[in-house]
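Only one structure is covered here, and it is reproduced in the block below.
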Amino acid sequence: MNHIIVIPNFLVTGISFKKAYNLCKDIDEKDTAYVALTIELDTEFVTNDKELYNGLKSKGFAKVVLLDDFIRSLQNRED
C-alpha cells in the first residue's frame with residue numbers, strides 16, 4: 001500500500017469524466033475514473049486489459065498502451 005496514490009474526484013473535471021464515461025460505457029464502466037484521470041493529466045493509460053485496450057482504440061482513444069508494450073518500451077530505453 002506504500003505505492004498507492006489516491007486522487008480525489010474533485011481534481012478531475014466533469015468534462016474529463018464525461019469523455020471517459022462515453023469511451024468506457026460500452027466496454028467497462030468501472031474503468032471510467034482511470035480513463036478520466038488519464039484525460040485530465042494528458043498522459044498515457046497503461047492497462048493489461050486487452051478488451052479495454054481494443055475498445056478504447058476502436059473509439060479513437062490513442063493514449064492507451066498495453067502493459068507488455070509499456071514494459072518493453074522501458075527496457076528499450078535502458079539499451
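Exactly one residue out of Phe45, Phe17 is surrounded by 15 or more Cβ atoms within 10 Å (Cβ to Cβ), of a type outside the set (Val, Ile, Thr) and under 22 Å from Leu74 (Cα atoms), and it is Phe45. Going through (1) in contact with an Asp or Glu (Cβ under 7 Å, 6 or more places away or on another chain); (2) at pLDDT below 95 one by one, Ser16 falls short only on (2).
Just one of the listed residues (Leu11, Leu74) is of a type in the set (A, V, I, L, M, F, W, C), in contact with an Asp or Glu (Cβ under 8 Å, 6 or more places away or on another chain) and loosely packed, with under 11 Cβ neighbours inside 10 Å, and it is Leu11.
The values are calculated or read from the model by the stated rules, or taken from the named source; none is laboratory data. Quick caveat, the model's predicted, so the values are computed rather than measured. Virtual Cβ from ideal backbone geometry, glycine too; neighbours counted across all protein chains shown.
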